[in-house]
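The values are calculated or read from the model by the stated rules, or taken from the named source; none is laboratory data. If you're wondering where the values come from, they're calculated on a predicted model, not measured in any experiment. Cβ placement follows ideal geometry from the backbone for every residue including glycine, while neighbour counts extend to all protein chains displayed.
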């Protein structure tokens with residue numbers, strides 16, 4: 001677990017190991033999400049990066065006729 005310090009300008013440095021794992025680049029946007037007493041930082045990714053992420057997922061499920069309009 002890494003610990004960061006908030007500067008007097010309310011800035012923090014993301015540790016190198018986390019930047020490398022997330023593949024975060026300078027100037028990239030992140031989203032801050034509050035869950036109770038927890039703050040989560042989520043990198044904002046380009047929608048084009050999501051292309052094909054469900055590849056190989058089976059779509060062979062039984063559907064009721066009412067599902068199709």
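Before moving on, here are some points about what is shown:
- Checklist (1) touching a strand residue (DSSP E or B) at 6+ places or on another chain (Cβ under 6 Å); (2) at pLDDT below 80 applied to residue 61, failing item: (1)
One line per residue, one yes/no per condition, for (1) surrounded by 10 or more Cβ atoms within 10 Å (Cβ to Cβ); (2) on the phi < 0 side of the Ramachandran plot; (3) not in a strand (DSSP E or B):
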| site | (1), (2), (3) |
| --- | --- |
| 4 | yes, yes, yes |
| 7 | no, yes, yes |
| 24 | yes, yes, yes |
| 28 | yes, yes, yes |
| 56 | no, no, yes |
| 66 | no, yes, yes |
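- Close contacts from segment 26-46, counting a first residue that is within 16 Å of residue 12 (Cβ to Cβ) and a second that is surrounded by fewer than 10 Cβ atoms within 10 Å (Cβ to Cβ) and modelled with pLDDT under 90, with Cβ to Cβ under 6 Å and a gap of 6+ residues or different chains, come to 29/44; 31/44.
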